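Data block below; observations after.
The values are calculated or read from the model by the stated rules, or taken from the named source; none is laboratory data. Since we're looking at a predicted model, the values are computed, not measured. With ideal geometry, Cβ positions are generated from the backbone for all residues, glycine too; neighbour counts draw on all protein chains shown.
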Amino acid sequence: MRTIHTIADLREALAGCGSTSFVPTMGNLHDGHLALVREAGLQGGPVVASIFVNRLQFAPHEDFDRYPRTLARDCELLEAAGCDIVFAPDERELYPQAQTYAVCPDPALADILEGEFRPGFFGGVCTVVLKLFACVQPAVAVFGKKDYQQWKVVGRMVEQFALPIRIVGGETVRAADGLALSSRNGYLDPGERARAVGLSQALARVRDAWNTAALDAAAIEAAAMAELRDGGWVPDYVSIRRQADLAVPTLQDRADGVPVVVLAAARIGSTRLIDNIEVSVAARQR
Ligand code: PAF
């Protein structure tokens, strides 16, 4: 495996390599990222992973400065997972001048849910992802479904700009108790870590209620928010959305068994976690 820090070296290394499969990351890797790298390996061609903590997607009060930078350890993990090239540019390489050209993602997808609570977040994500795509020029890019909305927003960007890249969604990897793996889990103290499973449990209860209860979506979501508050969380949202476009499902959608996803974001202590659970048609009891 090679670790490359400049765009010029990356282009040279990739020349003549054929179709590459790409996994963009911000480093501080865990098994969830490594599963995406293995998924990329199944897509064929050399696997490129990027490590870049993207300032553009952090608001001033967020954790850009304290976001862990663990390049040496990340590279060891990536090599073991089958990565061929790590692209780890520094800020001067990727943003040699202020990045004044930016992607403005579809507000219908990007200004809801995470976008409502983190204004500008998906613009920052799309801008760096487009730039990384320009550097790597992959045939396939793998995004974790843990960041479900990000996966959708990037997918639509690729569609609308007609980028010749196939976007693959990698399944969320969970700890034994059900907590979705996330770089931010490292911020949790032992007490918070023990309680953190409450988020995935709340999502599972929403899924079950959606499948079986007579309650409407708003009532199910309100009950889950109340449960989270009782468990010591400060929830931003719990929301049932259509998988296809993240729109609020209609009564007809529910009757038709349109696939939905339940998404949630909540703070435990000073750490904000997100998670989601897909509700497949097969799982519905009608
Ligand atoms: O999901 C992430 O880690 C980041 O949002 C990404 C896609 C690497 C862009 O900075």
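In the range 100-153, how many residues are in contact with a Pro (Cβ under 9 Å, 6 or more places away or on another chain) and charged (D, E, K, R)?
The number of residues fulfilling the criteria is 1.
Criterion first (within 26 Å of residue 166 (Cβ to Cβ), over 17 Å from the mean Cα position of the chain (by Cα) and outside any helix (DSSP H, G or I)) does residue 89 satisfy it?
yes
Please state which of the following conditions residue 131 fails to meet, knowing it meets all the rest: (1) more than 15 Å from the ligand (Cβ to nearest atom); (2) surrounded by 19 or more Cβ atoms within 10 Å (Cβ to Cβ); (3) within 18 Å of the chain's Cα centre (by Cα).
That leaves (1) as the condition not met.
What strands (runs of 3 or more DSSP E), lying completely within the range 1-81, carry at least 2 residues that are under 23 Å from residue 102 (Cβ atoms) and at pLDDT 95 or above?
21-25, 47-51
Away from the ligand (no atom under 14 Å from the Cβ) and part of a loop (DSSP other than H, G, I, E, B): is that true of residue 162 in this structure?
yes
Evaluate the following for residue 248: is it surrounded by fewer than 21 Cβ atoms within 10 Å (Cβ to Cβ), in contact with a helix residue (DSSP H, G or I) (Cβ under 9 Å, 6 or more places away or on another chain), over 24 Å from residue 182 (Cβ atoms) and not aromatic (Phe, Trp, Tyr)?
So residue 248 passes the test.
Does any residue of the range 167-177 turn out to be surrounded by fewer than 19 Cβ atoms within 10 Å (Cβ to Cβ), more than 16 Å from the ligand (Cβ to nearest atom) and either at positive phi or not small (Gly, Ala, Ser) (or both)?
Yes: one or more hits.
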